[in-house]
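Undergrad: The following block contains the structure, expressed as structure tokens.
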Number of protein chains: 2
Amino acid sequence: MKKFAIVLSGCGVFDGAEIHEATLTMLAIMKQGAQYEIFAPDIKQHHVINHISGDEMPEERNVLIESARIARGHIKDIKLYDPNNFDALIFPGGFGAAKNLCDFAFNGADCEVNPDVEKAILKTAGKNKPIGALCISPVIFAKIFGNVKVTIGQDTGTAEAVEKMGATHIKTNHGEVIFDEKNKLFTTPCYMLDANILDIAKGASNIVKAMLELM
Amino acid sequence: MKKFAIVLSGCGVFDGAEIHEATLTMLAIMKQGAQYEIFAPDIKQHHVINHISGDEMPEERNVLIESARIARGHIKDIKLYDPNNFDALIFPGGFGAAKNLCDFAFNGADCEVNPDVEKAILKTAGKNKPIGALCISPVIFAKIFGNVKVTIGQDTGTAEAVEKMGATHIKTNHGEVIFDEKNKLFTTPCYMLDANILDIAKGASNIVKAMLELM
């Protein structure tokens, strides 16, 4: 049975992992006969956002502990991720990917990637295993690999930053998956487009299917 | 187009709404051609649980604000719920249903239901519209209606408390839905059983389907 490692970045679209994308990635993996384990970095969240008002809240939260809400407690520090135990790595989206896994939300093309996230990606690529990213997460691929083909949907500003990092951005619509042959990278736009939960189910299903076909 | 009101109880299985049940209820509703709005009470959570260790954390969180993470900000105070604008009401599970919407987790059969939650349920029942509950949420029906037929799966202690409140408990397996004709109540066990995310998708789909067939 093929096994995915899913990397989360908190719990909630505006400061963490996008909950529908995370949940529907898990569903897509099991529905297609594979299994998963969940990881997240054990670091402080960049900030905590009130998801009604959009305001910052005077609180501190931990990415691993908040991600555990989506994982129902079954989660490990990403430092413990070993690509030898998995067939693929996948990143759901949410601003957490651009605020906690890297700082793209604040520094755009000049962003830095969390060292443990970067290590997980490079070790997986080194084993020639596929890596997927939904929504805003593909910016991490652009930063780490430079000259790769990815999609973040159709947002012009983000696409320009992706190209500034040396990557080629491909415009996509709901559920479309872009494949970068050289590095076995898969990307799909999900909530980077004006999407509903059906579109997310389709995007998650399509990217998992494409990754499984390559394994 | 038929419209559901979904009531959440926070964000995370151990102190709030169960995230997979909430997300997959939303997916099931849209997949079957209906739509939804999301509500939650604007009250303090009973407590905050670290979802890795199970320990209580020295924090305070608000049920409406945390539920907004699952709702991507599109959520209203349950005080604003008007059954005239909806065809059905539905409660995903999670301990939040038994800690924030009522206090069943602490007081069992002697629990009290949050007054605004009780009002929403009674007004919906008064309009003869269907009401659904997943996982542990059916205990709220038992408390409010007494003599009704519900399921919480197979947990003996919970089933006994449900019967102590005057209700009849029906043992169920993954995806089964119990229908109480008199009050148009629908219940399904989801994570009250040792379930995986495929079982939850099936349970959410089946309960929404059964409710839509009655509308």
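Undergrad: Go through the range B:12-42 residue by residue and tally those that are of a type outside the set (G, A, S) and without any contact (Cβ under 8 Å) to a residue 60 or more places away in the chain.
TA: Of the residues in that region, 8 qualify.
Undergrad: Sticking with this structure for a sec: Take A:H47 and decide whether it is open to solvent by 10 Å² or more (accessible area, probe 1.4 Å), touching an Asp or Glu at 6+ places or on another chain (Cβ under 9 Å), at pLDDT 95 or above and farther than 29 Å from A:A210 by Cβ.
TA: Criteria met by A:H47.
Undergrad: Follow-up. When you go through (1) in a loop (DSSP other than H, G, I, E, B); (2) crowded, with 24+ Cβ neighbours inside 10 Å; (3) within 12 Å of chain A (Cβ to nearest Cβ) one by one for B:S9, which number turns out not to apply?
TA: (3)
Undergrad: Are any residues in the range B:175-197 more than 14 Å from chain A (Cβ to nearest Cβ) and among the β-branched types (V, I, T), and if so, which ones?
TA: Answer for the range B:175-197, where residues must be more than 14 Å from chain A (Cβ to nearest Cβ) and among the β-branched types (V, I, T): B:V177, B:I178, B:T187, B:T188.
Undergrad: What number of residues within the range A:17-39 satisfy the criterion of being more than 11 Å from the chain's Cα centre (by Cα) and either more than 8 Å from chain B (Cβ to nearest Cβ) or modelled with pLDDT under 95 (or both)?
TA: Number satisfying all stated conditions: 10.
The values are calculated or read from the model by the stated rules, or taken from the named source; none is laboratory data. Note that the structure is predicted; figures quoted are calculated from it, not measured. FYI the Cβ positions are ideal-geometry reconstructions off the backbone, even for glycines, and counts take in every protein chain you see. Ligands, DNA and RNA are excluded from the accessible area calculation, which covers all protein heavy atoms including side chains. Shrake-Rupley method; radii C 1.70, N 1.55, O 1.52, S 1.80 Å.
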